[in-house]
């Protein structure tokens with residue numbers, strides 16, 4: 001079988017197993033990416049979740065001996081819920097970003113890549129392959145861009161002509177020298193809507209992201225949220241879609257090709273108050289299947305507290321007082337104290353004053369005083 005015929009067979013098979021777009025590129029070094037990554041590192045713009053060895057991120061041959069090609073795949077995910085639930089007074093809801101709707105996409109993509117690997121090895125038993133999704137060393141976006149899946153938008157997402165940027169990406173390195181596909185020309189033009197929409201100014205300029213300011217990153221941290229970002233979080237409990245929903249290329253893009261990606265609206269737009277008291281077991285059973293659960297319940301609970309403060313939900317004050325007084329984790333106690341002050345009310349003030357008399361953790365005391373400052377005109 002010729003390599004050209006094999007490529008055609010792979011493309012056809014990819015459609016049969018639910019891969020929405022596939023592209024091929026060489027395994028040569030990503031030179032331009034290396035320069036960008038070095039600069040990001042120098043500026044302190046990295047999230048810390050990335051592979052720390054830049055050489056491994058840009059040189060596929062370090063990951064697979066005799067690497068010749070990389071196959072990039074994309075799967076389109078929904079941008080709208082079929083069943084919608086609304087947030088209302090006394091029953092306020094948070095929101096998970098679209099990329100965390102449905103089953104954890106890592107599992108979905110690995111399933112497709114595994115099937116693709118098996119197909120290739122059935123045709124070429126001596127072939128060597130190495131697949132990865134998100135947490136692998138390579139940059140999914142850099143591979144997809146070079147393989148013609150889409151162009152790298154100013155919002156730092158791959159934008160496909162067919163599906164917009166609502167796609168999951170994965171790739172497979174192989175020692176088979178497939179003919180590479182042509183990259184797609186950048187179509188962002190002069191548009192800056194994504195930069196304008198970013199709530200924290202994390203998009204420094206087109207194609208450059210300061211991850212340390214990105215709401216999607218901030219929702220995954222486990223410590224106290226810096227004050228300047230709390231007002232920006234809104235009701236997000238995981239991730240952020242602002243730069244995607246603002247993109248004109250995403251207008252009208254909503255695909256429901258994969259049943260396992262369909263969101264449970266009660267799950268991805270959850271009631272906030274029950275999250276405050278959820279046990280580890282309950283959290284794992286309820287939110288475990290979502291990719292947004294990977295950091296555990298603490299960040300989700302902290303974000304839920306911030307969201308209740310955002311709504312100024314007076315019905316949550318009693319629950320928040322319980323967290324402030326009883327939770328063993330300083331970040332949760334302190335964030336609850338701040339939220340209680342922001343929501344306000346006589347019961348809130350009394351509770352904060354009592355907590356200030358007995359709390360011993362210095363960071364929590366700072367947050368209690370932030371909460372009390374709302375009653376003294378110290379915060380807006």
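No lab work stands behind these numbers, since they all come straight from the coordinates. Worth saying up front: this structure is predicted, and the values here are computed from it rather than measured. Note that each Cβ is placed from the backbone with ideal geometry, even for glycine, and that neighbours are counted across all protein chains shown.
Across the range 120-210, the convex hull enclosing all Cα atoms gives 119 Å³ per residue. Distance between the modelled labels on residue 245 and residue 66, one decimal in nanometres: 5.1 nm (7 Å Cα→Cβ projection).
Quick one: grab the alpha carbon gyration tensor of the range 1-43, order the square roots of its eigenvalues as a ≥ b ≥ c, and give me rounded if a/c is under 1.5, else prolate or oblate depending on whether a/b is larger than b/c. It is oblate, given that a/c is not under 1.5 and a/b is not larger than b/c.
Output the peptides 28-39, 302-313 sorted from most to least packed, where packing is the average of other Cβ atoms within 10 Å over each peptide's residues.
Per-residue Cβ counts within 10 Å, averaged per peptide and sorted highest first, yield 302-313, 28-39.
Taken over the range 234-380, the alpha-carbon convex hull comes to 130 cubic angstrom per residue.
Mean residue ellipticity at 222 nm, helices only, the chain: -12000 deg cm²/dmol; runs of at least 4 DSSP H residues each add -39,500 (n - 2.57), and the sum is divided by the number of residues.
Here the range 210-258 and the range 172-198 have alpha carbon centers that stand 21 Å from each other. The long axis of helix 3-16 is offset from the longest Cα principal axis of the chain by roughly 40 degrees. Ranked for footprinting exposure by Cβ neighbours inside 10 Å, fewest first, 79, 122 give 122, 79. Extension gain for residue 279 to residue 8 (0.36 nm times residue separation, less C-alpha to C-alpha distance): 92.5 nm.
Converting the Cα gyration tensor eigenvalues of the chain into ellipsoid dimensions via √(5λ) gives semi-axes, longest first, of 43, 21, 19 Å.
When the Cα gyration tensor is reduced to axis lengths a ≥ b ≥ c, the ratio a/c is 1.5 or higher for the range 99-152, and with a/b not above b/c it is classed as oblate.
When all alpha carbon pairs of the range 34-168 are counted in 5 Å bins from zero, the resulting P(r) reads 2, 8, 14, 18, 19, 15, 10, 6, 4, 2, 1, 0, 0 %.
Entry note, the chain: relative contact order of 19 percent, from Cα contacts under 8 Å with a spacing of 6+ residues. Roughly what % antiparallel, to the nearest 5, for the DSSP beta bridges in the chain? That works out to approximately 95 percent antiparallel.
Between residue 357 and residue 80, the modelled label-to-label distance comes to 5.6 nm, taking each label 7 Å out from Cα in the direction of the beta carbon.
Along its first, second and third principal axes, ordered by size, the range 307-355 spans 24, 22, 14 Å in Cα coordinates.
For the range 132-289, the Kirkwood hydrodynamic radius comes to 18.0 Å, computed from all pairs of different C-alpha atoms.
Note the full-extension length gain between residue 295 and residue 254 as 0.36 nm times their separation in residues minus their Cα-Cα distance, in nm to one decimal.
Contour length minus Cα-Cα distance gives 12.0 nm.
The range 1-65 and the range 290-345 have their alpha-carbon centroids 40 Å apart. Once C-alpha pairs closer than 8 Å and six or more residues apart are averaged by separation and normalised to the residue number of the range 252-380, the relative contact order reads 19 percent. With each pseudo-label sitting 7 Å past Cα toward Cβ, what's the residue 185-residue 54 distance in nm, one decimal? With each label point 7 Å from Cα toward Cβ, the separation is 3.2 nm. What the Cβ-Cβ distance of residue 162 and residue 204 gives, at R0 = 35 Å and to the nearest 0.05, is a FRET efficiency of 0.75.
Eigen-decomposition of the gyration tensor built on the alpha-carbon atoms of the range 2-86 gives equivalent ellipsoid semi-axes of 29, 27, 9 angstrom, largest listed first.
Please report the relative contact order for the range 53-183, taking Cα pairs under 8 Å with a sequence separation of at least 6, and give it as a percent rounded to a whole number.
Over the range 53-183, the number comes to 42 percent.
Set the Cα radius of gyration of the range 238-305 against 2.2 N^0.38 Å, with N its number of residues, and you get 1.30.
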